[in-house]
Amino acid sequence: MSKIKEQIKGVPHSKGNALTFIHHYLAENDVKEKNVIDVSAGSGYVANLWHKAGAKVQAFDMYPDIFKSENLTCLPIDLNKNLSIESNSADYVLLMETIEHIPNQQALFQELSRILKPNGLLIITKPNNSSLSGRIANLWVEAERSDMFLSNEASVIGYDDTHIYNGRVFLCNAQRLRTLAGLVNLQIHQIYTNQLSISSLVWYLILGIFLHFRSFLTYKRLKRKTSNLQEKAILLQQHQLNTNPTVLLHKHLCVLFKKGEKS
């Protein structure tokens, strides 16, 4: 673990929890010969990890000249437009630390689902504004943390003065991710634990019982209002996600989505 922490310290514009998750995922899953498309490759750290694990990796980024690899190349991409990537071509698509920078998230999900093969997997990582700490921060300052405001029109982020992009202007919580995925034949397959948020744990001790009870009552009320079995199942998924301990208590969202068998 300490070796991994040392490796990820110098990776620019990435979150340690997300990179640690990828290390663990590759240690636990055989990805040899899998077709992997990384649409937010950045400096190439993650793409290189998948390559070393035996995957066949295609890397893309808004700024491909930032990408560093002895074995892979990186092509330019604009995630706000249709992607010139073959349909049903990927076993995995990686979208790391990016979704909250994209204005048209529904269109992006549509494209990512199109690229995936049936039963293919989409990995999304992002700061967890659905934790209890994040929910309280939204109450106080409408941001993902109470010690910061939402990114504004002046808060561009960049590697330097010529490689810039929007800050996290378009916050996307866990429920929104679930719904955007569901609209394009993707379902949450697994949510991975990472780093416990102490502030979320404190809020959970204070508000946890009320949150579970309130969410359950909302689920039961809405369930009574519909006779549609699919909608009933979706309402249960929303309730379960709203009360998921990993979502409520961890600092990062590391989510694996699976595409349905039919394209």
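The values are calculated or read from the model by the stated rules, or taken from the named source; none is laboratory data. This structure is a prediction, so every number in the text was calculated from the model and none was measured. Virtual Cβ from ideal backbone geometry, glycine too; neighbours counted across all protein chains shown. Ligands, DNA and RNA are excluded from the accessible area calculation, which covers all protein heavy atoms including side chains. Shrake-Rupley method; radii C 1.70, N 1.55, O 1.52, S 1.80 Å.
Taking amide H atoms as placed 1.01 Å from N in the peptide plane, the amide H of H189 lies under 5 Å from those of L256, F257, K258, each 5 or more residues away in sequence or on another chain. Taking the DSSP beta bridges with both ends in the chain, the antiparallel portion is around 50 percent. Helical content alone sets the calculated 222 nm signal of the chain at -12000 deg cm²/dmol, taking -39,500 (n - 2.57) per DSSP H segment of four or more residues and averaging over every residue. Loop exposure criterion: trypsin sites (Lys or Arg not before Pro), DSSP state outside H, G, I, E and B, at most 15 other Cβ atoms within 10 Å. Applied to the chain, the longest stretch between such sites is 82-224.
The GluC sites (Glu not before Pro) found in region 1-52 that occupy coil by DSSP, while having at most 11 further C-beta atoms within 10 Å, are E33. The alpha carbon convex hull volume per residue for the chain rounds to 141 Å³. Rolling a 1.4 Å probe over the protein heavy atoms gives the chain an accessible area of 53 Å² per residue. Scanning the chain for DSSP H helices at least 30 Å long along the axis (C-alpha atoms) with a Kyte-Doolittle mean no lower than 0.0 picks out 198-224. Note on the chain: with neighbouring protein chains present and a 1.4 Å probe, carbon and sulfur make up 53 percent of its accessible heavy-atom surface. Each part gets one Cα centre, and for region 90-163 versus region 208-263 those centres are 20 Å apart. Assuming a ≥ b ≥ c are the square roots of the Cα gyration tensor eigenvalues, decide whether region 160-263 counts as rounded (a/c under 1.5), prolate (otherwise, with a/b larger than b/c) or oblate. Oblate shape, in that a/c is at least 1.5 and b/c is the bigger or equal ratio.
Sorted largest first by accessible area at a 1.4 angstrom probe radius, with every protein chain in place, the residues F149, F216, F170 fall in the order F149, F216, F170. One decimal place: the segment I164-Q240 gains 23.6 nm when fully extended, by the rule 0.36 nm per residue minus the C-alpha distance. Rounded to the nearest 20 debye, the dipole size of region 105-237 about its Cα centre is 1040 debye, using +1 on the Cβ of Lys and Arg and -1 on the Cβ of Asp and Glu. Projecting the Cα atoms of S113, S14, G44 onto the charge dipole of the chain, computed from C-beta unit charges around the Cα centre, puts S113 farthest toward the positive end.
Charges were assigned to the Cβ only: +1 to each Lys and Arg, -1 to each Asp and Glu. The resulting dipole of the chain about its Cα centre is roughly 1360 debye. With a 10 Å cut-off between alpha carbons and a GNM built on the chain, which of L201, L222, L72 moves the most? So, out of L201, L222, L72, the one fluctuating most is L222. For the listed residue pairs K15/K259; K126/K220; K32/K259; K9/K68; K9/K251; K34/K259, the alpha carbons are over 22 angstrom apart in K15/K259; K126/K220.
Could you name the aspartates and glutamates whose alpha carbon sits less than 20 Å from that of K223, not counting residues in the same chain fewer than 8 places away? Straight-line reach from K223, under 20 Å: E231. The label-point distance for S155 and N80, in a model that sets each label 7 Å from Cα toward Cβ, rounds to 1.9 nm. Here the Gaussian network model covers the chain, with springs between Cα atoms less than 10 Å apart; of G120, G158, G134, G158 fluctuates the most. The residue list N173, S133, L207 was ranked by how far each Cα lies along the charge dipole of region 126-224 toward its positive end, using unit charges on Cβ atoms, and L207 comes out on top.
Each label was represented as a point 7 Å from its Cα along the Cα-to-Cβ direction; for Q187 and S215 these points are 1.9 nm apart.
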